[in-house]
Amino acid sequence: MSDKPLTGRARADRKPHSLAVWRGLGGYAALTQALKRHSPEAIIAMVEAAGLRGRGGAGFPTANKWRFMRSGAEKAGPGPRYLCVNGDETEPGSFKDRLLMEALSHQLVEGAIIAAYAIGATEVIILVRDEYRSAAAALTRAIAEAEGAGLLGRDILGSGFDLAMRVHASAGRYIVGEETALIAALEGERPVPRHRPPYPAVSGLWGRPTTVNNVETLSAVPSIIENGTDWYQSLSRTDEGGTKLYGVSGCVTRPQLIEAPMGTTARELIELCGGIRNGRALLAFQPGGGATAFLESADLDVPLDFAHTKKAGSSLGTGAMIVLDDHACPVAAIGRHMRFYARESCGLCTPCRDGLPWVAKLLDTLEAGKGTRQDIDLLHQHVALSGPSGRSYCDLNTGALTPLRSGLERFGDIFTAHLAGHCPVGRA
């Protein structure tokens, strides 16, 4: 049993496996076991016991989401039911799902089939951002191979379970990562988040019961079914089971993607990346991508799982750690984030559509050495007035303002120092 169930069978050159090679590596054994030995309810119970939480950012218990779907399907009655796979991956700093889709496409396909069986879905749609063309091609080939071998389609492995699966290449944008916006994109509509309730489990894609899961979440499922829940829990250092794909970028010697036990610390991940580049010292890090709060050197030994990272004042998000050294200006770094989120706003509500470009402009002015005390006061007002959850239609605005709030709290002296007409730290 590999201690790296997500990436342990990947080729060194990241080329996707053929079906024959994948089955020789043990692929689709979990699917056979699931369909021949377990009921849908038993599979959901296994996922719950394993402690699997959604790897797309929110960390919602996967088994709970699957049970909502089964309940919604019962209420909706006969008709199509959907499992949508979120392969949009647009969070700044995140690049984990790309590897899983490109190099381990059959693993994702297998996990999606098992999940569809568990929740009672009749069709799986894998949404992949258009820039991930190699991933879309690998998944399309894997689906065709699985269909040809009787692992997809009608009466899979003689179980009576029917399932269709296809890839949807999306023009993509950051907001498509929100599940109701993803559903709107699949319907050919403008990707704008929808009001809830009703929730997708009751009324999702084309008004039918729908579950949206992240690529990494589903890729973890086959190993749980094949090796058992105790084994999966044993891989983790905390009660949140399994391993995690941590992407480390920014001011480290060797930015990379690392599969490590859930609960691995930032200190360990930075060391695996060769330490802070050029022998410099750590200033801060964002543990879960561009929309997460900064942590500092005192937090290097916090176990990076959902609960511990939240207790430390940030969030695990996608596990995309962005590192700043003591020569990297946090004002400049936050400004880059703000420009991205301002561009990616769907434009539906005022705090996000108009507020984020304003924030980005204020930060650019400060970084250029032309800011005033009033500019810093305005940044505080943006955080106070539109930053809390519920002040805009969805949480994009809240997430976007999270690094600004955190930066103002932790690096207020650096913001103030910019008023002297120059950056006191340097440029990231």
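Every number in this text was worked out from the coordinates using simple rules, so none of it is lab data. Keep in mind that what you see is a predicted model, and the values were worked out from it rather than measured. Here the Cβ positions follow ideal geometry from the backbone for every residue, glycine too, while neighbour counts run over all protein chains shown.
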* Relative to the present Cα-Cα distance, how much length would full extension add between residue 190 and residue 350 at 0.36 nm per residue of separation? -> 55.9 nm
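Counting only C-alpha contacts under 8 Å and six or more residues apart, can you give the relative contact order of region 330-420 as a whole percent?
Numbers: 100 pairs, mean separation 32.9, N = 91.
Here the relative contact order equals 36 percent.
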* Out of 345, 94, 402, whose Cα points farthest toward the positive end of the dipole of the chain (charges: +1 Lys, Arg; -1 Asp, Glu; placed on Cβ)? -> 345
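With a ≥ b ≥ c the root eigenvalues of the C-alpha gyration tensor of region 113-181, is it rounded (a/c under 1.5), prolate (a/b larger than b/c) or oblate? All intermediate terms of the calculation are to be shown ahead of the outcome.
Details: a/c = 3.83, a/b = 1.61, b/c = 2.38.
The shape class here is oblate.
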* Structure fact -> Taking 0.36 nm per residue of separation between residue 15 and residue 230 and subtracting their Cα-Cα distance, the length gained on full extension comes to 74.3 nm
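Which value, in Å³ per residue, describes the convex hull spanned by the Cα atoms of region 243-325? Could the numbers behind the result be given before it?
Details: hull volume 5.6 nm³, N = 83.
Hull volume over Cα atoms, normalised by residue count, gives 68 Å³.
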* Taking the Cα centre of region 1-137 as the origin, how large is its charge dipole in debye, to the nearest 20, when only Lys and Arg (+1) and Asp and Glu (-1) carry charge on their Cβ atoms? -> 300 debye
* Structure fact -> Taking region 159-314, the equivalent ellipsoid from its C-alpha gyration tensor has semi-axes in Å, biggest first, of 34, 22, 15
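For an R0 of 30 angstrom, estimate the FRET efficiency from the Cβ-Cβ distance between residue 45 and residue 75 and round to the nearest 0.05.
Values: r = 22 Å, r/R0 = 0.72.
In this case the efficiency is close to 0.90.
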* FRET efficiency, 1/(1 + (r/R0)^6) with R0 56 Å, evaluated for residue 422 and residue 36 via beta carbons -> 0.25
* Asked: Cα extents of region 171-225 along the three principal axes, largest first, in whole Å?
  -> 36, 26, 16
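Compute, for the chain, the length of the dipole vector about the Cα centre, with Cβ point charges of +1 (Lys, Arg) and -1 (Asp, Glu) only. Units Debye, rounded to 20.
On the way: 46 positive and 45 negative charges, 95 e Å.
Magnitude of the dipole: close to 460 debye.
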* To do: Order the peptides 184-194, 136-146 from the highest to the lowest mean number of other Cβ atoms within 10 Å of their residues.
  => 136-146, 184-194
* First check a/c for region 79-193, with a ≥ b ≥ c the square roots of the eigenvalues of its C-alpha gyration tensor; if it is under 1.5, answer rounded, and if not, answer prolate when a/b is larger than b/c or oblate otherwise. => oblate
* Asked: Arranged from highest to lowest average of other beta-carbon atoms within 10 Å per residue, in what order do the peptides 251-264, 99-112, 206-219 appear?
  -> 99-112, 206-219, 251-264
* Debye equation applied to the C-alpha atoms of region 294-415, log10 I(q)/I(0) at 0.16, 0.22 Å⁻¹ -> -0.80, -1.36
* **Estimated inter-spin distance, residue 144 and residue 29, nm [label 7 Å along Cα→Cβ]** => 2.9 nm
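Just list whichever of 96/370; 15/65; 310/361; 75/244; 65/311 have alpha carbons separated by over 27 Å in the model shown.
Values: 96/370 38 Å; 15/65 32 Å; 310/361 30 Å; 75/244 35 Å; 65/311 24 Å.
From 96/370; 15/65; 310/361; 75/244; 65/311, over 27 Å: 96/370; 15/65; 310/361; 75/244.
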* Does region 19-234 come out rounded, prolate or oblate by the C-alpha gyration tensor, with a ≥ b ≥ c the root eigenvalues, rounded set by a/c under 1.5 and, if not, prolate when a/b is larger than b/c and oblate if not? -> rounded
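If I stretch the segment between residue 301 and residue 280 completely, what's the gain in nm (0.36 nm per residue apart, minus their alpha carbon distance), one decimal? Walk me through the intermediate numbers first.
On the way: separation 21, 0.36 × 21 = 7.56 nm, distance 1.88 nm.
Length difference between fully extended and current span is 5.7 nm.
Can you compute the helix-only [θ] at 222 nm over the chain? Use -39500 (n - 2.57) per DSSP H run of at least 4 residues, normalise by all residues, nearest 500 deg cm²/dmol. Show your work: numbers first, answer last.
On the way: 19 runs with 186 residues, N = 428.
Mean residue ellipticity at 222 nm (helix-derived): -12500 deg cm²/dmol.
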* Structure fact -> For the chain, averaging the sequence separation of alpha carbon pairs under 8 Å that lie six or more residues apart and dividing by its residue count, the contact order in percent is 16 percent
* Structure fact -> Pseudo-spin-label distance residue 4 to residue 95, built 7 Å along Cα→Cβ, given in nm, is 1.6 nm
